[in-house]
Amino acid sequence: CVVSCDGYSVSSRTAHAEIEVCPHSQITGGVCQGCGKAFEASVSDGTGDSEVYYEVFEDAWKAAQGNTAVVTLLADVEVSATLTVTSGSNITLKSEKDSNYTISGNVFNSASGLINVATGGTLTLENGTIKNGAGGNNAIAVNGGHFVLNGGNAAATANGHSGVCVYNSGTAQIQTGN
């Protein structure tokens, strides 16, 4: 058996190895200070008791569905399909402290936009930017659900489309932000 690490090799008939997994307990700017792994987002229950880090933003988004959750952007991300806030979800979306990260895309979905807030779902944007490109439509479509803009920006660059558009008895509450 040959074991190699950091340029050193040891040859032996038997081997014993201890593997330590990084707990990712010090994340700064989306990067674990212990092991160097990069993360795009985290999801917590909002109490601060538990936070799970995700390398791919869409995985974090999926994990938040059907729950009361805080999704924190740790980097700028680009998505290629509509992100839906499903019924029973109460999601707060924000950027990491002292940051203004962006979720961008070029998503055209005639029934929604880059983010779709479905009936029975709630999305609160605390800070950060949601931006749908020139080939897309609305940045946030409130399609029967409820949306709160409590900071941050929602922008659509396609002609005739909005940062926030409300459909099908949805509601939007604009407190602060653009």
Rounded to one decimal in nm, the spacing of the 7 Å Cα→Cβ label points at residue 1 and residue 159 is 6.9 nm
Quick calc: nm separation of the 7 Å Cα→Cβ label points for residue 111 and residue 44 -> 3.5 nm
Toy charge model, Lys and Arg Cβ at +1, Asp and Glu Cβ at -1: region 73-170 dipole around Cα centroid in debye, rounded to 20, equals 160 debye
Expressed in angstrom and ordered largest first, the alpha-carbon extents of the chain along the principal axes are 70, 35, 28
The set of residues whose placed amide H lies less than 5 Å from the amide H of residue 119, leaving out same-chain residues fewer than 5 positions away, is 145
Under a 1.4 Å probe, counting only protein heavy atoms, residue 1 has an accessible area in Å², nearest 10, of 90 Å²
Here the gain from full extension of residue 11 to residue 67, 0.36 nm per residue of separation minus their alpha-carbon distance, amounts to 15.1 nm
FRET efficiency for residue 119 and residue 18 from the Cβ-Cβ distance with R0 = 41 Å, rounded to 0.05, comes out at 0.20
Expected sort for 125-134, 67-76 on mean C-beta neighbours within 10 Å, highest first, is 125-134, 67-76
Within the set 81, 111, 63, GNM on the chain using Cα springs under 10 Å gives the largest fluctuation to 111
Once both label points are put 7 Å beyond Cα along the C-beta direction, the residue 167-residue 56 separation in nm becomes 2.6 nm
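The values are calculated or read from the model by the stated rules, or taken from the named source; none is laboratory data. Nothing here was measured: the structure is a model prediction, and the numbers come from that model. Here Cβ is always computed from backbone atoms with ideal geometry, including for glycine, and neighbour counts include all displayed protein chains. For accessibility, only protein heavy atoms count, side chains too; no ligands or nucleic acids. Shrake-Rupley method; radii C 1.70, N 1.55, O 1.52, S 1.80 Å.
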